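Structure first, commentary second.
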Amino acid sequence: DGFDNKSQILNFYQRRENDESFQTFFPLYGYWTSPLESRFLSWGIFWYRTPEGKAGWAYVYHWKETKGGEVTRIFLPLYWHLWRPPDWKLDVLFPFYTRYRDGDLTITSVPPVVWKKSPEGKTVSVLFLYLRDRQTEKGSTTFFPLFNYNYNARRRMWFPRRR
């Protein structure tokens, strides 16, 4: 029937059946393994490994990696690192730094500054009071509430603050 062996000494238990096994030292941990996957469970810790990838939790830390190249690293609530092929990425070190990348588009925030870079142009903002958007043939600069300046290939517009 495929039964190979089993043993138990006090709180330690081990069982093997064909290519699968289970082991525990109750109540400290449990470990399951088979040709397709492995799992480990303990107080505050859980991880597993399959042919598709591996993942787990250790208290407030989570990780995941897949054979397709996806990577996730999260240290709640301060640090987040997510990466998906071919070139999507999100990094957060709360509240000091955030960077989002999707192909040629990059948005970075280091408070109080936010900037965006793409093939079409660049945008910079400081405290949302100063905003500068430069693109290939158009753009704008705003310094709230003092002025707003817009331009494109055909015209330029300046709007100063009125007193």
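So which of Ser109, Ser140 is closer than 25 Å to Tyr61 by Cβ and either in a strand (DSSP E or B) or at pLDDT below 90 (or both)?
Ser109
When only residues in the range 1-54 that are outside any strand (DSSP E or B) and among the aliphatic types (A, V, I, L, M) count, which is farthest from Gly68 (Cα to Cα)?
Only one residue tops the list, namely Leu10.
Can you list residue pairs whose Cβ atoms sit under 6 Å apart, with the first residue in the range 89-115 being loosely packed, with under 14 Cβ neighbours inside 10 Å and the second being not in a strand (DSSP E or B)? Count only pairs 6 or more apart in sequence or on different chains.
Matching pairs, first to second residue: Phe94/Leu78; Gly103/Asp87; Asp104/Pro119; Pro112/Leu127.
Under the condition of being open to solvent by less than 100 Å² (accessible area, probe 1.4 Å) and in a loop (DSSP other than H, G, I, E, B), which residue from the range 143-162 is farthest from Thr108 (Cα to Cα)?
Checking each candidate, the answer is Ala153.
Considering each of Glu52, Glu70 in turn, give the residue that is closer than 30 Å to Pro35 by Cβ and open to solvent by 90 Å² or more (accessible area, probe 1.4 Å).
Glu52
Can you pull out the residues in the range 2-39 that are open to solvent by 60 Å² or more (accessible area, probe 1.4 Å) and hydrophobic (A, V, I, L, M, F, W, C)?
Phe3, Ile9, Leu10, Phe25, Phe26, Leu28, Trp32, Leu36
Could you tell me whether any residue of the range 53-74 is among the acidic types (Asp, Glu) and within 30 Å of Thr123 (Cβ to Cβ)?
Yes - at least one qualifying residue is present in the range 53-74.
The values are calculated or read from the model by the stated rules, or taken from the named source; none is laboratory data. In this text, all values refer to a predicted model and were calculated from it rather than measured experimentally. Here Cβ is always computed from backbone atoms with ideal geometry, including for glycine, and neighbour counts include all displayed protein chains. What goes into the accessible areas is simple: the full protein's heavy atoms, side chains included, and nothing from ligands, DNA or RNA. Shrake-Rupley method; radii C 1.70, N 1.55, O 1.52, S 1.80 Å.
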